[in-house]
Amino acid sequence: MNRKELVKVISEHFGVKAKYLAAPTFAYEIKTEEQTYTIDKEGKIVDEQGQVTEMRDVLKPREDEPAEDVHIAATEAIEDVPSAAAKIRIPLEEQDGKTLRNMLNMIYSKQPLINKSLELSEKLIEEDFITAINETDISTLADFKIFVTEIGRGKTPGITFDFLKDEMTIQLPRETAGAEELFTLIYKLARKQKHASYKSKPITNEKYTFRTWLLRLGMVGGEYKDARRELLKNLTGNGAFKGGRAHEA
């Protein structure tokens, strides 16, 4: 990953814009709520205390976030159902309308790649649903429930909402740990970001686009190696080079 890609991953992870400092340092500066990072000419990440840090540490969830509990809930959510299918259940009670909209926006923006990666036969979210939810004033969980009940019902074919249990369920054709990791990280990042866009961009290299997004979600390092490989195996292109150069990674 080159320096520009590194800057893009970090800035989009925190939902902020990077500032180019120009001469004499030619560095990029990324200011977050808790820290300021500088990416120097060599691609080193330096925090405001002057300490060099790794990208995996920068993207690591804050200590006050229930990362472990969320991951356990996602693991327990995958259960066997007829036809060897599986369900991933995501809790709603610790979210509000804005974070839930963020999560759906993130899913919709990469829906073609998610569907192909997980071999889904139907859309998770319809276009008119995502357009309407972004044109509606939704702040609280109650606002979200009203929207889904009155406007959005039946417009999320691959996702069901159970407001009695306060959970949303994603139906998968088969059990996969890669999907578990994917939706757990989407859940976490959706809660951190102020706003997530639902708009998608043209894709010329599926593997590179999806791999970059997975890294931005926080799927970094050896612990996620198998999950990344599983999620990328059904996609075309080259995961290491944007233009598809060299051999497949």
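The values are calculated or read from the model by the stated rules, or taken from the named source; none is laboratory data. Everything numeric in this text was worked out from a predicted model, so none of it was measured. Note: ideal-geometry Cβ built from the backbone for every residue, glycine included; neighbour counts use all protein chains shown.
State whether the residues of the range 208-218 include one that is of a type in the set (A, V, I, L, M, F, W, C) and in a loop (DSSP other than H, G, I, E, B). No, that holds for no residue. Residues in the range 121-166 that are of a type in the set (Ser, Thr, Tyr) and either under 21 Å from ARG89 (Cβ atoms) or in contact with a strand residue (DSSP E or B) (Cβ under 7 Å, 6 or more places away or on another chain) (or both): SER121, THR149, THR156, THR160. Cβ separations smaller than 9 Å between residues 6+ apart or across chains give the following pairs from the range 215-230 residues that are small (Gly, Ala, Ser) to residues that are at pLDDT 90 or above and not in a helix (DSSP H, G or I): ALA227/MET219. Sub-6 Å Cβ pairs linking a first residue in the range 110-121 that is part of a helix (DSSP H, G or I) to a second residue that is among the charged types (D, E, K, R) and buried (at least 20 other Cβ atoms within 10 Å of the Cβ), at least 6 apart or interchain, number zero. How do the pairs read when you match residues in the range 37-61 that are over 13 Å from ILE10 (Cα atoms) with residues anywhere that are among the β-branched types (Val, Ile, Thr) and assigned to a loop (DSSP other than H, G, I, E, B), using Cβ under 9 Å and keeping only pairs 6 or more apart or on different chains? Correct list of pairs: ASP40/THR25; LYS41/THR25. When the test is whether a residue is closer than 18 Å to TRP213 by Cβ and over 16 Å from the mean Cα position of the chain (by Cα), ILE107 does not pass it. When we screen GLU180, GLU175, GLU150 for residues that are of a type in the set (Asp, Glu) and either free of Cβ contacts under 8 Å to residues at least 60 places away in the same chain or touching a Gly at 6+ places or on another chain (Cβ under 8 Å) (or both), the only hit is GLU150. Within the range 20-38, being under 20 Å from LYS192 (Cβ atoms), surrounded by 14 or more Cβ atoms within 10 Å (Cβ to Cβ) and touching an Asp or Glu at 6+ places or on another chain (Cβ under 7 Å) holds for one residue alone: TYR37.
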